[in-house]
1. Can you tell me which residues in segment 196-251 are among the β-branched types (Val, Ile, Thr) and buried (at least 21 other Cβ atoms within 10 Å of the Cβ)?
2. Can you list residue pairs whose Cβ atoms sit under 9 Å apart, with the first residue in segment 308-325 being in contact (Cβ under 8 Å) with a residue 60 or more places away in the chain and farther than 12 Å from residue 340 by Cβ and the second being surrounded by fewer than 15 Cβ atoms within 10 Å (Cβ to Cβ) and basic (Lys, Arg)? Count only pairs 6 or more apart in sequence or on different chains.
3. Please specify each residue of segment 214-229 satisfying the condition of being closer than 17 Å to residue 64 by Cα and free of Cβ contacts under 8 Å to residues at least 40 places away in the same chain.
4. Inside segment 354-365, can you point out the residues that are surrounded by fewer than 20 Cβ atoms within 10 Å (Cβ to Cβ) and either in contact (Cβ under 8 Å) with a residue 24 or more places away in the chain or part of a helix (DSSP H, G or I) (or both)?
5. If the requirement is being touching a helix residue (DSSP H, G or I) at 6+ places or on another chain (Cβ under 6 Å) and among the small types (Gly, Ala, Ser), which of these qualifies: 198, 221, 272, 264?
6. Taking residue 339 as the residue in question, decide whether it is of a type in the set (Ser, Thr, Tyr), part of a helix (DSSP H, G or I) and touching a residue at least 40 places away in the same chain (Cβ under 8 Å).
7. Just a yes or no: is a residue in segment 26-35 among the aromatic types (Phe, Trp, Tyr), under 17 Å from the mean Cα position of the chain (by Cα) and at pLDDT 95 or above?
8. Among what's in segment 290-313 and is hydrophobic (A, V, I, L, M, F, W, C) and touching a helix residue (DSSP H, G or I) at 6+ places or on another chain (Cβ under 8 Å), pick the residue that is surrounded by the most Cβ atoms within 10 Å (Cβ to Cβ).
Amino acid sequence: MNLEIPQTNPRANYLSRKIEIDQAIAKVMDSGWYILGREVAAFEQEFAAYNDVRSAVGVASGTDAIQLSLRACGVGPGDYVLTVPHTAVATAAAISMVGANPIFVDIDRDVFTMDPNYLEDAISKFAGYPIKAVVPVHIYGHPCDISAIVEIAKRHSLFVVEDCAQSHGASWNGKKTGSFGHMAAFSFYPTKNLGALGDGGMVVTGDREFAERVRLLREYGWEQRYVSKIKGVNSRLDELQAAVLRIKLRYLDVDNDHRRRLAGLYQSFLAGSKLELPQTKDSAVHVFHQYVIRSSERDALRAFLRSKGTETLIHYPIPVHKQPAYTGCLNGGEGLSRSEEAAGKILSLPMYPELTESQVQTVAMQILSFIDHQ
Ligand SMILES: *Cc1c(COP(=O)(O)O)cnc(C)c1O
């Protein structure tokens, strides 16, 4: 069934800039150069400038951006990496890809991001293990308390790789997410705040050497063509995606402003209901990748909205430590109750830049009528 109001709508985002995007695509097609060329180089520069970091390196996906960042920091087989269980499984997949093991740290109940107190606890509790890095996630577009996390990591000589897959344009204490850690990873999956028409990712870093290492890693470790200095992989951003992303980057702030406006509308319509609405910390500029409410009647509410033509999603229904592939992890079972509680109650309402204010009102009224009938 095609619902009237989808939860996300990457096609609408393409259509709203179709003329410019189609021209940019035609130009690449005509150029005869399709992998790692001028569009990628230009986009890397523009994206680094946008995020106030020295270097950006285009790669094939957000998962690869995390994975290659970890490798560039020297994280490898047998090492341990601290992250949250309340995230896309991709975060943990990237840790596994380098042969390392995740240690899960519970979240702040209010904003769903890594709780720095629990990070400290985990570092003491697992002090006997070779912990090398922290991968905090700026989930739903709300920055984690990255200043506190960086400070703790520094004291324990851990690398910080920020997972910015959901936080393009967000900031903390006036600084962009992605500019705090040693490295940061972005995804351009089509539904992200900055989305390609296919897969894509980016590593950003303030450190030239780290950037250089990722540049080698993404293409067979080539220092120059056909000469591999280190053992690398194939994880390249292609010219078509870079050309599309350059167009869309120009509209990212406008799109994020609109997401914030829609979130404000949801907030005003739903205030006073017994639902828990998203919170924003004082230090944060939230970019509302998702607008996530909490309800103890979540499943019934979801079915009701569906019957009215409104699609919702759950990001994410199973915390990573409960996924079959990850149940064997070091701290699989204990101390992660906030993440587990969140997974049972969260609901992502429709949220994308082309959603209209009247559609938000429609969804909000449907939710209020569900609550009235309870
Ligand atoms: C989307 C996402 C990723 C992975 O990005 P891909 O481009 O799909 O590989 C990683 N972490 C988080 C939090 C994400 O939302």
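1. Of everything in segment 196-251, those that are among the β-branched types (Val, Ile, Thr) and buried (at least 21 other Cβ atoms within 10 Å of the Cβ) turn out to be 203, 204, 205, 214, 244.
2. Filtered contacts from segment 308-325: 312/306.
3. Restricting attention to segment 214-229, the residues satisfying the condition of being closer than 17 Å to residue 64 by Cα are 214-221.
Listed by number, the residues that qualify are 216, 220, 221.
4. 354, 357, 358, 359, 361, 362, 364, 365
5. Values: 221 fails: touching a helix residue (DSSP H, G or I) at 6+ places or on another chain (Cβ under 6 Å); 272 fails: touching a helix residue (DSSP H, G or I) at 6+ places or on another chain (Cβ under 6 Å); 264 fails: touching a helix residue (DSSP H, G or I) at 6+ places or on another chain (Cβ under 6 Å).
Just one listed residue meets the conditions, 198.
6. Yes; evaluated as a whole, the condition is true for this residue.
7. no
8. Going through segment 290-313, the residues hydrophobic (A, V, I, L, M, F, W, C) turn out to be 292-293, 300-301, 303-305, 313.
Now restrict to residues that are touching a helix residue (DSSP H, G or I) at 6+ places or on another chain (Cβ under 8 Å): 292-293, 300-301, 304-305.
Numbers: 292: 26, 293: 20, 300: 13, 301: 20, 304: 17, 305: 22.
Out of the qualifying residues, it is 292.
The values are calculated or read from the model by the stated rules, or taken from the named source; none is laboratory data. A quick note: this is a predicted structure, and the numbers were derived from the prediction, not measured. Quick reminder, even Gly has a Cβ in these numbers, built from the backbone with ideal geometry, and neighbours come from all protein chains shown.
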